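The values are calculated or read from the model by the stated rules, or taken from the named source; none is laboratory data. The structure presented is a predicted model; accordingly, all values stated were derived computationally and were not measured. Here the Cβ positions follow ideal geometry from the backbone for every residue, glycine too, while neighbour counts run over all protein chains shown. Just the protein is used for accessible areas: all its heavy atoms, side chains included, with ligands, DNA and RNA removed. Shrake-Rupley method; radii C 1.70, N 1.55, O 1.52, S 1.80 Å.
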There are 2 protein chains.
Amino acid sequence: MAQESSQVAPRYLTGDKAGLQEFLAKFDVFLFDCDGVLWSGDHLFPGTVETLELLRNNGKQVVFVTNNSTKSRADYRKKLEGLGIPSTVEEIFSSSYSSSIYISRILQLPENKRKVYVIGETGIEQELRSENVPFIGGTDPAYRRDVTPEDYKKIAAGDESILDPEVGVVLVGLDFHMNYLKMALAYHYIKRGAVFLATNIDSTLPSSGALFPGAGSMSAPLIMMLNKEPIALGKPSQAMMDSIEGKFKFDRSRACMVGDRANTDIRFGLEGKLGGTLGVLTGVSSKEDFVSGDVRPHAYLDKLSDLLGSE
Amino acid sequence: MAQESSQVAPRYLTGDKAGLQEFLAKFDVFLFDCDGVLWSGDHLFPGTVETLELLRNNGKQVVFVTNNSTKSRADYRKKLEGLGIPSTVEEIFSSSYSSSIYISRILQLPENKRKVYVIGETGIEQELRSENVPFIGGTDPAYRRDVTPEDYKKIAAGDESILDPEVGVVLVGLDFHMNYLKMALAYHYIKRGAVFLATNIDSTLPSSGALFPGAGSMSAPLIMMLNKEPIALGKPSQAMMDSIEGKFKFDRSRACMVGDRANTDIRFGLEGKLGGTLGVLTGVSSKEDFVSGDVRPHAYLDKLSDLLGSE
């Protein structure tokens, strides 16, 4: 992907008032990665609210883009609100939402294969419901149990009491209740022809300052068993960018992706041919990553609130 | 691995009395893969018992080699007995046993890092106990629960109430009760320096004529999160061959591996420099695989009981 990044070193804009003004003037839309940019864990970075206000006051469209699949957009808005960040559901793009959009509007499923078998939490279910996509699995307690000898026989025989013949898609997101039965069912649905989708393939999930299994870890056993990769809907997949564009109808040359991770956020913006990418040093990637890594943003800041220095 | 296989086409011995006699005379020890060779699922192949009797009557040592980690050798002997195959515990080599041997006799663990965190079922626990290896996890019901917000905080903080500081090894086998908490703990133990071992890395487990998640599917999320492969103790890992040799002190040039899978069983014998490898067509690999694949046995039969044709 190196060929897609800026060949010149990114511009360091912290404290550079004229540079900041010039940069901001280039864009009408700002896409924000959230954790590591606006906050870290449960800690809101000082100046986040004021920075978003500055952008909105200057007529900029703000979009929150998250790979978090466990929450719906409504849940995520509540999370933002809880942290003190005003937002609307319309400003939020989660991988659960982009997955639902992809299934309902892009995949052309046969009439009798429209059901989705979900590995994931309530966020995915809410977004599928909002797009009128029928689904099974997910948080249904019937799937939160041990596998039995009877299950093996029924699954092997393709028994319709356990394998719904209308399932045409397996959608795998982060599932805190992942188990052997769910994995076996997902495998057999895909073997029988269902499309293999993943909300996102981040192998880890940051929490409490450490890393935990992410959505990609739910797909990993299936990838190994099937020797097949899923279509992933989260960043840096361009399926997510297409969904965002489909909704906001923005001019990509006038849009800027803001993030803390070079290989997901910045790559997402560069591969999406956005007019700009802005790195911040409050998350995963280091100055070294941004300045001399394979994937470099157009500009970077010590922290997001340094944008306030444009005033 | 192609360079290690016989460059000549394997010899087809079914119905070739002189060829069979000549082949059998070359070996004192026969290592048997089980499922697909002696039986399939719960179905014992006709002639299996008589064939094993023939070998034993001719003074051959018989060893049953299985990657099944959920059973101990004692459990496995019961399974053989249930199928009507006489055997002793001493004739059985399972990946749970070879893992225990590897930990107790080969790994040099520091005094204060001798505990094993187990992902797996009772077979592993029994074999670890038989080698006096201390362990936690496994079938302990305390680990069969949902992850809680408190867990994240404790794990992130390295709290000793949840992360035992004496754990120096993570051993991952097939666990029908795999869950998010177990996966998170395994990840953190390995990040903190524990050795990453897998009983075996078969991605699938055959059952009822279909495939289900195997031990490798338990390691897959960890491999993805850590970007690191485990040391695998099952076939075709030579760690297993070394354990077998350590126990039986056999002359490798006078031993023959019998199996149905070219890329595990036959490879196991070839890489172990055994005097012979014998393929059977009652399991996974086809005649085509044996005759013109990358990994070819020295000889092959339609079915194991064709060895009775030597009389």
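With the whole protein complex present, A:Glu229 retains an accessible surface near 130 Å², based on a 1.4 Å probe. Considering only alpha-carbon pairs that sit under 8 angstrom and 6 or more positions apart, the relative contact order computed for segment A:210-311 is 19 percent.
Distance from the axis that maps chain B onto chain A is least for the Cβ of the chain B residue given, with the whole Å value, as B:Ala220, 2. Here the Debye sum runs over all C-alpha atoms of segment A:123-251 as equal scatterers in vacuum, and log10 of I(q)/I(0) at q = 0.11, 0.13, 0.18, 0.19 Å⁻¹ comes out as -0.43, -0.60, -1.09, -1.20. Here the simple spin-label model places points 7 Å from the Cα toward Cβ, and for A:Ile231 and A:Asn57 these points are separated by 4.4 nm. If R0 is 51 Å, the Cβ-Cβ spacing of B:Arg192 and A:Lys113 corresponds to a FRET efficiency of close to 0.65. Each other copy places its own label point for A:Asn227 at 2.6 nm from this one, sorted shortest first, where the point lies 7 Å along the Cα-to-beta carbon line. Under the definition of Cα pairs under 8 Å and six or more residues apart, what whole-number percent is the relative contact order of chain A? Over chain A, the number comes to 25 percent.
The alpha-carbon positions of chain A define a convex hull whose volume is 130 Å³ per residue.
Residue by residue along A:182-190, Cβ atoms of other protein chains within 10 Å of the local Cβ number 3 on average. Where does the charge balance sit around A:Glu91 when Lys and Arg score +1, Asp and Glu -1, over other residues with C-beta under 11 Å from its C-beta? Surrounding charge for A:Glu91 is +3. Ranked by the mean number of other Cβ atoms within 10 Å per residue, highest first, peptides A:204-212, A:165-173 order as A:165-173, A:204-212. Please compute P(r) over all alpha-carbon pairs of segment A:64-155, binned at 10 Å starting from zero, and give each bin as a whole-number percent. That works out to 16, 39, 27, 14, 4, 0, in percent per bin. In segment A:175-287, the convex hull through the Cα atoms has an average projected area of 8.7 nm², a quarter of its surface area.
Once the convex hull of all Cα atoms in segment A:225-288 is built, its volume per residue stands at 109 Å³. Along each principal axis, taking the top coordinate minus the bottom one, the Cα set of segment A:9-62 gives 33, 27, 17 Å in descending order.
Across segment A:60-114, the fraction of Cα-Cα pairs farther apart than 14 Å, rounded to a whole number, is 58%. Using the empirical formula 2.2 N^0.38 Å as the baseline, the Cα radius of gyration of segment A:4-159 reaches a ratio of 1.41.
Extending 7 Å from Cα along the Cβ direction at B:Glu90 and again at A:Glu22 yields two label points whose distance is 8.5 nm.
Modelled spin labels at B:Ala157 and A:Arg129, positioned 7 Å past Cα toward Cβ, are 3.6 nm from each other. Panel note: the C-alpha atoms of segment B:258-311, placed on their principal axes, show extents of 31, 23, 15 Å (largest first). Take each residue of peptide A:169-178, count the partner chain Cβ atoms within 10 Å of its Cβ, and average: the result is 2.
Take A:Arg254, move 7 Å from Cα toward the beta carbon, and the resulting point lies 8.6 nm from the same point in each other copy, nearest first. Scaling the Cα radius of gyration of segment B:110-149 by the globular reference 2.2 N^0.38 Å produces a ratio of 1.31.
When the Gaussian network model of chain B links Cα atoms closer than 10 Å, the mean-square fluctuations of B:Arg145, B:Arg77, B:Arg252 top out at B:Arg145. Calculated mean residue ellipticity at 222 nm for chain A: -9000 deg cm²/dmol, from DSSP H runs with n ≥ 4 weighted as -39500 (n - 2.57), summed, divided by the residue count and rounded to 500. Rg and Dmax, both from the Cα atoms of segment B:171-213 and both in Å, are 12.6, 40.
Computed over segment A:131-278, relative contact order equals 15 percent, with contacts defined as Cα pairs under 8 Å that lie 6+ residues apart. Residue ranges A:65-76, A:294-305 sort as A:65-76, A:294-305 when ordered by packing (mean number of other C-beta atoms within 10 Å per residue, highest first). Of the two radii for the protein assembly as shown, the radius of gyration is 1.05 times the Kirkwood radius, both from the alpha carbons; that is the Rg over Rh value. Between A and B, roughly 2800 Å² of accessible area is buried in total, ligands, DNA and RNA not counted and the probe set to 1.4 Å.
With all protein chains kept in place, the per residue accessible area of the protein assembly as shown amounts to 39 square angstrom at a probe of 1.4 angstrom.
Between copies, the label points at A:Asp146 (set 7 angstrom from Cα along Cα-to-Cβ) are spaced 2.0 nm, reported in nanometres from shortest to longest. Per-residue shielding of B:142-153, expressed as the average number of other chain Cβ atoms within 10 Å of the residue Cβ, stands at 2.
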